[in-house]
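A single structure is presented below for examination.
The values are calculated or read from the model by the stated rules, or taken from the named source; none is laboratory data. As the structure is a computational prediction, the values presented were derived from the model and not from experiment. Note that we place each Cβ from the backbone using ideal geometry, even for glycine, and neighbour counts take in every protein chain shown.
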Amino acid sequence: MPADVPFLKLLFVGPINGDYDKFRDRFRKLFAANRFNYVFVTGQFFGTDAEATNKLLDQSPNLNFPIPVYLLPTETPFPPRVQQALLKASADGTLAKGPVKIAHNIYVLGTTGEWVSPEGLRVAFVGGTFDPTRYEAALDANEPHTYHASQLAALTRVKHTPVDVLVTYDVPQYMAAHALDGESPVIADVVLARQPRYHLAGGARVYYERAPFRNADARGNALHPTKFVALAPLGGADPKQRAFYGVNIIPIKHNSPGKLNVQPKDVTANPIVAAAEAVERELAALRERQLKLATKRTRSPADDGAVDAGGEGLDQPRAAKRVRDEALAPAPASDSIMAEAAASMAGKDKRGIAALPKRPDTAPGVLTDKVRDSTAKPLPDGYVCRICNVPGHWVRACPNKIKAAPPADCWFCLHSPGLAQHCIFSIGDKAYAAVARGPLVPHHVLVATVEHPDSLFDARDDVRAYLAGLRKFYAERDMVPVVFQIARPGLHVYHPHVQIVPVPVAQESAVLDGIVAALENQGYAFTVLNLIDGTEASEETTMRAAHSANRDRCSWRVSHFRMCVAGKLVYFAIPRDVKFPAGMPRQVIGAVLGEPERGLDWKSCVDEVKETQYATELREAFIAFKPAAGAKVEAAAAEPAAPADPVDDAGMAEA
């Protein structure tokens with residue numbers, strides 16, 4: 001290698017969340033072995049301790065970092081002192097556009113932009129999060145934690161001008177087969193426009209590394225691949241959840257196309273482009289099926305002088321044309337990644353992906369009544385909606401269209417007269433906790449959503465807080481929680497819920513053996529995984545890690561049964577043609593506890609007086625479990641702090 005060609009070592013770090021001492025210790029050990037040139041923190045750097053932050057910013061050079069450390073805006077606003085420094089460095093009253101020094105060798109990158117190092121390393125960056133309600137709004141200096149269309153315009157306008165590194169907080173949409181936290185369609189556009197060699201993100205809150213994927217120039221010629229890595233927060237319990245990632249790199253400026261464009265053996269198709277192509281195929285298939293159905297509907301016996309195709313008094317040619325027009329209109333979207341995005345992709349270049357919607361937390365392939373606005377086919381002249389008799393929209397998009405509603409006597413609605421109010425002991429923003437009707441044992445709890453979502457996803461913060469509080473409550477009684485759910489997304493389960501049953505510590509292994517035997521007796525193909533931190537608190541992270549390794553298992557977007565017990569996660573994806581025995585978990589736990597009759601009939605367990613007693617005990621006990629700062633759940637406990645992050649070497653990739 002010529003002496004004038006720079007060979008750089010870069011270190012990327014996930015969220016630090018104010019744990020400055022641990023970060024500094026880990027960094028020093030890694031730096032001693034690798035002598036990095038630059039450090040980029042992809043997640044939240046600052047914590048809530050203002051004194052610790054000021055101490056870090058005020059330290060003398062010999063106590064801070066020997067090389068530059070670059071920070072990104074995230075979903076949390078900067079501390080006031082840092083925010084003031086950024087505003088002071090700006091020329092137009094908004095946040096500064098480039099790196100701003102806030103302490104010795106500590107810099108804050110702007111919300112969006114591109115920075116070139118003295119060695120010629122090109123780094124594009126997008127800090128903050130995607131807020132669809134603010135994305136098109138004017139810039140606001142008080143909102144550094146969100147990015148706007150005007151800020152991204154310059155970055156995405158330069159097509160096919162690759163950068164060495166892209167650093168973002170948000171994760172590009174459709175980068176993984178399963179949904180990651182912090183996904184953004186805007187970041188997907190940036191990836192396609194700037195074709196980074198390496199893309200690191202910290203907003204997923206979990207370690208995820210995928211195989212490199214292909215890029216192409218405007219003529220379709222192969223370019224260098226892109227390597228994407230999401231980094232986990234510093235201090236996690238699982239050593240496989242990496243918070244550090246190292247890269248050896250020669251900048252594009254000093255590299256030859258022949259070396260840059262070599263395709264590794266494990267290279268894949270570009271997942272974002274593949275998603276766009278897939279939704280286009282899905283849209284074409286949906287339209288073809290609808291057109292066939294429309295043609296079939298307009299056929300009638302010869303003696304029928306007309307056809308009622310949604311408009312009374314129309315002759316057959318006009319009716320047939322109307323039905324065909326509606327068939328070619330935007331089709332009802334599917335909850336799958338493909339059909340859900342199909343309408344928004346119509347007429348859009350497949351390299352412009354910002355309109356792709358986020359994958360919903362529902363089963364794939366299930367058609368819904370949702371309708372996407374689209375310019376796929378304009379309304380014909382004189383078209384009037386037959387529901388409201390108003391022009392301007394297709395009948396499928398009519399705002400007056402009657403939608404299916406949950407039953408008036410829904411058992412779980414808080415305003416329902418049929419709800420067992422005496423069982424409720426806490427109500428949060430998105431979920432509430434109650435003693436289960438006919439509890440297997442005292443303090444058997446059910447946590448259900450307040451509204452009618454397809455899954456527990458939107459209420460996950462409340463659910464986590466309740467689980468943390470119950471674990472403490474049970475521990476005082478030498479009990480541990482067995483947590484299970486039968487999830488049926490998209491199948492009119494109006495209040496997704498999870499059940500928590502306390503069992504003696506000595507019997508949790510027997511519950512695990514019992515549920516495994518019951519599933520085996522049914523002939524089900526299920527999975528048993530080690531929970532990352534040994535408790536139900538890491539259930540979501542465990543499922544993500546397993547799904548990353550094997551896409552055919554552990555997806556919470558399909559119908560499934562799962563149970564957390566004895567440090568294990570038992571998971572069974574329920575096929576559509578299988579009726580899962582809903583009473584199985586109760587029966588297994590009842591048998592283990594020596595009361596099988598309770599598992600068979602909840603009505604025979606206890607009376608209303610006992611249920612009220614259990615709810616009162618939980619309500620009073622939860623007063624002692626004050627929620628952590630920012631928790632939204634009334635009387636819920638904060639999750640315990642994660643154990644120390646083990647020290648290991650940063651993974652080094654060469655380019």
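Quick check: is even one residue across the range 428-445 assigned to a helix (DSSP H, G or I), assigned by TED's automatic domain parsing to the domain that holds SER559, in contact with a Leu (Cβ under 7 Å, 6 or more places away or on another chain) and not small (Gly, Ala, Ser)? Reasoning before the result, please.
Going residue by residue through the range 428-445, those that are assigned to a helix (DSSP H, G or I) are none.
Checked the range 428-445: no residue is assigned to a helix (DSSP H, G or I), assigned by TED's automatic domain parsing to the domain that holds SER559, in contact with a Leu (Cβ under 7 Å, 6 or more places away or on another chain) and not small (Gly, Ala, Ser).
Considering only the range 460-478, I want to know if a residue exists there that is in a strand (DSSP E or B) and in contact with a Pro (Cβ under 8 Å, 6 or more places away or on another chain).
From the range 460-478, those in a strand (DSSP E or B) are none; that's our starting set.
Scanning the range 460-478 turns up no residue that is in a strand (DSSP E or B) and in contact with a Pro (Cβ under 8 Å, 6 or more places away or on another chain).
Something else about it: Which ones in the range 504-528 are out of contact with any helix residue (DSSP H, G or I) (no Cβ under 6 Å at 6 or more places or on another chain) and among the hydrophobic types (A, V, I, L, M, F, W, C)?
Residues satisfying the conditions are VAL505, ALA506, LEU512, VAL516, ALA517, LEU519, ALA525, VAL528.
I'd like the residue in the range 523-581 that is of a type in the set (S, T, N, Q) and in contact with a His (Cβ under 8 Å, 6 or more places away or on another chain) and, out of all such residues, is modelled with the highest pLDDT.
Taking the range 523-581 as the starting set, the residues that turn out to be of a type in the set (S, T, N, Q) are 527, 530, 535, 538, 541-542, 548, 550, 555, 559.
Imposing the further condition that a residue be in contact with a His (Cβ under 8 Å, 6 or more places away or on another chain) reduces the set to 548, 555.
Working: SER548: 46, SER555: 64.
So the residue we want is SER555.
Yes/no matrix, rows are residues, columns are (1) buried (at least 18 other Cβ atoms within 10 Å of the Cβ); (2) at pLDDT 50 or above; (3) under 25 Å from the mean Cα position of the chain (by Cα):
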| residue | (1), (2), (3) |
| --- | --- |
| VAL588 | yes, yes, no |
| ASP607 | no, yes, no |
| GLU617 | no, yes, no |
| ALA629 | no, no, yes |
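Right, something else. Does the range 450-459 contain at least one residue that is modelled with pLDDT of 90 or more and among the charged types (D, E, K, R)? I'd like the intermediate steps shown before the answer.
Start the filter on the range 450-459 by keeping residues that are modelled with pLDDT of 90 or more, which leaves none.
Within the range 450-459 (the criterion being modelled with pLDDT of 90 or more and among the charged types (D, E, K, R)), the answer is no, since none of the residues qualifies.
Suppose the filter is on the phi < 0 side of the Ramachandran plot, of a type in the set (Gly, Ala, Ser) and in contact with a Lys or Arg (Cβ under 6 Å, 6 or more places away or on another chain); does ALA222 pass it? Can you show your working first?
Working: on the phi < 0 side of the Ramachandran plot: yes; of a type in the set (Gly, Ala, Ser): yes; in contact with a Lys or Arg (Cβ under 6 Å, 6 or more places away or on another chain): no.
Criteria not met by ALA222.
Output the residues belonging to the range 156-201 that are free of Cβ contacts under 8 Å to residues at least 40 places away in the same chain, under 22 Å from ILE16 (Cβ atoms) and either part of a loop (DSSP other than H, G, I, E, B) or within 12 Å of the chain's Cα centre (by Cα) (or both).
Selection gives ASP181 alone.
What number of residues within the range 449-479 satisfy the criterion of being crowded, with 24+ Cβ neighbours inside 10 Å and more than 19 Å from the chain's Cα centre (by Cα)?
4
Please work out which residue is surrounded by the fewest Cβ atoms within 10 Å (Cβ to Cβ), limiting yourself to the range 223-275 and to residues that are charged (D, E, K, R) and assigned to a loop (DSSP other than H, G, I, E, B).
Taking the range 223-275 first, the residues charged (D, E, K, R) are 227, 238, 240, 242, 253, 259, 265-266.
If we keep only those that are assigned to a loop (DSSP other than H, G, I, E, B) too, we end up with 238, 240, 242, 265-266.
Working: ASP238: 21, LYS240: 10, ARG242: 20, LYS265: 6, ASP266: 10.
Checked the range 223-275; the qualifying residue surrounded by the fewest Cβ atoms within 10 Å (Cβ to Cβ) is LYS265.
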